[in-house]
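Input: a single structure, listed below in C-alpha cells.
The values are calculated or read from the model by the stated rules, or taken from the named source; none is laboratory data. If you're wondering where the values come from, they're calculated on a predicted model, not measured in any experiment. Cβ coordinates were reconstructed from backbone atoms using ideal geometry, including for glycine residues, and neighbour counts include every protein chain displayed.
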Amino acid sequence: MSNSSKKKKKKKVDPRPGRQELKEEVASELGLLDDIHEKGWGSLSSRETGKIGGIIAKKLKLKGLEKNKGD
C-alpha cells in the first residue's frame, strides 16, 4: 500500500462551543493532559475516555440545574 492511497485521519473538533475546553479541563484534573498533548486523544484507554465523559456529563448536568434554579 503506497502513501498516496492511505487516508489521513481528520482531526475531529466538537462543534458545540466550549466542549473542547471542558474536555481538556477534565483531562487536566485527571492528570491526562500531558499524554494527550504528546500522543493525542486516541491514545487514551476506554476507561480514561469514559471517565472524562462521565465527569463532563456530571458537570453539564449540574450547570443545567443551576441555570434552571435562576428561572
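Residue under question is Ser2, and the condition is that it be small (Gly, Ala, Ser) and modelled with pLDDT of 95 or more; does it hold?
Details: small (Gly, Ala, Ser): yes; modelled with pLDDT of 95 or more: no.
Here the answer is no, as Ser2 does not meet what is asked.
Scan (1) surrounded by 10 or more Cβ atoms within 10 Å (Cβ to Cβ); (2) charged (D, E, K, R); (3) at pLDDT below 95; (4) not in a loop (DSSP other than H, G, I, E, B) for the single condition Asp14 breaks and write down its number.
Checking Asp14 against (1) surrounded by 10 or more Cβ atoms within 10 Å (Cβ to Cβ); (2) charged (D, E, K, R); (3) at pLDDT below 95; (4) not in a loop (DSSP other than H, G, I, E, B), the one that fails is (4).
Residue by residue through the range 25-47, note down the ones that are touching a helix residue (DSSP H, G or I) at 6+ places or on another chain (Cβ under 7 Å) and outside any loop (DSSP other than H, G, I, E, B).
Hits for the range 25-47 are Val26, Ala27, Leu33, Asp35, Ile36, Ser43.
Check whether at least one residue in the range 60-69 is part of a helix (DSSP H, G or I), at pLDDT 95 or above and among the basic types (Lys, Arg), and report yes or no. Lay out the reasoning, then the answer.
We begin by selecting, within the range 60-69, every residue part of a helix (DSSP H, G or I); these are 60-69.
Then keep just the ones that are at pLDDT 95 or above; that gives none.
There is no residue in the range 60-69 that is part of a helix (DSSP H, G or I), at pLDDT 95 or above and among the basic types (Lys, Arg).
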